[in-house]
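J.: The structure follows.
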Amino acid sequence: MAIQWFPGHMHRARKQIAEAMPNIDLVIEVLDARLPYSSENPMIPELRGDKPCLKLLNKADLADPVRTQEWLDYFNAQDGIKAMALVGLEKKQVKSITDFCHKMLPQRRESKQSIRTMIMGIPNVGKSTLINTLAGRVVAKAGNLPALTRHPQQIKIQDGIVLSDTPGILWPKIDNVASGYRLAASGAVRDTALEYLDVAETTAAMLLQDYGEMLAARYKLKALPDSGIGLIEEIGRKRGCLRPGGVVDLHKAAEILIHELRAGKIGLITYETPGMMESEKSAVEAMLAAKAAEKEEQGNSKTKKKKR
């Protein structure tokens, strides 16, 4: 089932972004380094047009460094796009963002003009923390809940950079079911948007496939289960999530897995690769095309019935 989560303030934010974009020189998009594809808002290319874009793979300290490099290579090969990995609280790394901005738009410095940037990103990718580190003061509210920033603001920072902050926005409908689960697992989507146990089961299956050794070490497993629900049951037994009669409380066990994954306690994990992304994009495009064809056929059938 596709996620649909587009609160009213997100609709307003999209409108505000579109109105402000003509006065912007450079778009800075903050992504979650653990899921650079799923945390990349497909509305942003449409909104930014031909404006250059700096993609920041934030929370790199929680991500698989090998896969992070794959994503950097993937993004840096695209026209008008540069990418860097960083940790939002590392001041030295964050300060290098201004150097990237000037390298991408050297003419602004030559003409002694400020670079007008718009910083964008979906909820909970660490955008507010990044802005506060850049500004050297608290100018954006930061926290672990999605969509804390509600109103756009302009922030002047050193080295001739002006930031236009925007609320974290998701797109109206997440058609890629796998992306929806990964977003939910990371905390970008509120836990109430999907069934918690479903998220954990899908995430557990991914972890078993790619990071089995880390799971075995974290949860002291002698052998790995062969399914996501099997892993959740094992975690429940190991952590004492038992109901009367020795039945595993799957919800509690699921919470442990998701919370420890988000906190980086299992290890450095990236949920997706560029190759996986291309495959999933093709599958989603085929699904949407099939739905469009089915809808058109239904429309034609209704038209024929009316004519009769």
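The values are calculated or read from the model by the stated rules, or taken from the named source; none is laboratory data. Predicted, not measured: the structure shown is a model, and the values here were computed from it. Cβ coordinates were reconstructed from backbone atoms using ideal geometry, including for glycine residues, and neighbour counts include every protein chain displayed. For the accessible areas, the whole protein counts, side chains as well, though only heavy atoms, and no ligand, DNA or RNA atoms are used. Shrake-Rupley method; radii C 1.70, N 1.55, O 1.52, S 1.80 Å.
J.: Over region 13-87, what is the relative contact order in percent, taking alpha-carbon pairs closer than 8 angstrom and at least six residues apart? If you can, show how the numbers build up before the last one.
T.: Numbers: 99 pairs, mean separation 25.0, N = 75.
It comes to 33 percent, rounded to a whole number.
J.: May I pose another question? Once fully extended, how much extra length lies between D50 and E110, figured as 0.36 nm per residue of separation less the alpha-carbon to alpha-carbon distance?
T.: Values: separation 60, 0.36 × 60 = 21.60 nm, distance 2.16 nm.
My answer for the length gained is 19.4 nm.
J.: Where only protein heavy atoms count, and the probe is 1.4 Å, what is the accessible area per residue for region 172-262 in Å²?
T.: Numbers: 4390 Å² over 91 residues.
Spelled out: the 1.4 Å probe surface of region 172-262, per residue, equals 48 Å².
J.: Provide the packing ranking of 63-75, 178-190, i.e. peptides ordered by the mean count of other C-beta atoms within 10 Å per residue, highest first. Mind showing how you got there, number by number?
T.: Numbers: 63-75: 17.7, 178-190: 22.8.
The peptides rank, most packed first, as 178-190, 63-75.
J.: Probe radius 1.4 Å, ligands and nucleic acids ignored: give me the carbon and sulfur share of the accessible area of region 156-284 as a rounded percent.
T.: On the way: 2980 of 5840 Å².
Its accessible area is 51 percent carbon and sulfur atoms.
J.: If I take R0 = 22 Å and measure r between the Cβ atoms of M214 and H259 in this structure, what FRET efficiency does the formula 1/(1 + (r/R0)^6) give, to the nearest 0.05?
T.: Numbers: r = 16 Å, r/R0 = 0.71.
Calculated transfer efficiency: 0.90.
J.: Okay, moving on. Which length gain, in nm to one decimal place, applies between K222 and K252 when the Cα-Cα distance is subtracted from 0.36 nm times their residue separation?
T.: Working: separation 30, 0.36 × 30 = 10.80 nm, distance 2.18 nm.
Taking K222 through K252 to full extension adds about 8.6 nm, to one decimal.
J.: Moving on. Suppose a student asked you for the relative contact order of region 50-102, using Cα pairs under 8 Å spaced at least 6 residues apart; what percent would you report?
T.: Details: 53 pairs, mean separation 23.0, N = 53.
Reported as a whole number, the value is 43 percent.
J.: Give me the percent of the accessible area of region 49-91 that comes from carbon and sulfur atoms, probe 1.4 Å, all protein chains in place. Mind dumping the intermediate values first?
T.: Details: 1060 of 2050 Å².
C and S fraction of accessible area: 51 percent.
J.: How high is the relative contact order of region 228-303, given as a whole-number percent (alpha carbon pairs under 8 Å, six or more residues apart)?
T.: Working: 27 pairs, mean separation 13.3, N = 76.
Taking the mean separation of contacting Cα pairs over the length of region 228-303, I get 17 percent.
J.: About its Cα centre, what dipole magnitude does region 182-239 give when the only charges are +1 on Lys and Arg Cβ and -1 on Asp and Glu Cβ, stated in debye to the nearest 20?
T.: Numbers: 8 positive and 9 negative charges, 69 e Å.
Roughly 340 debye for region 182-239.
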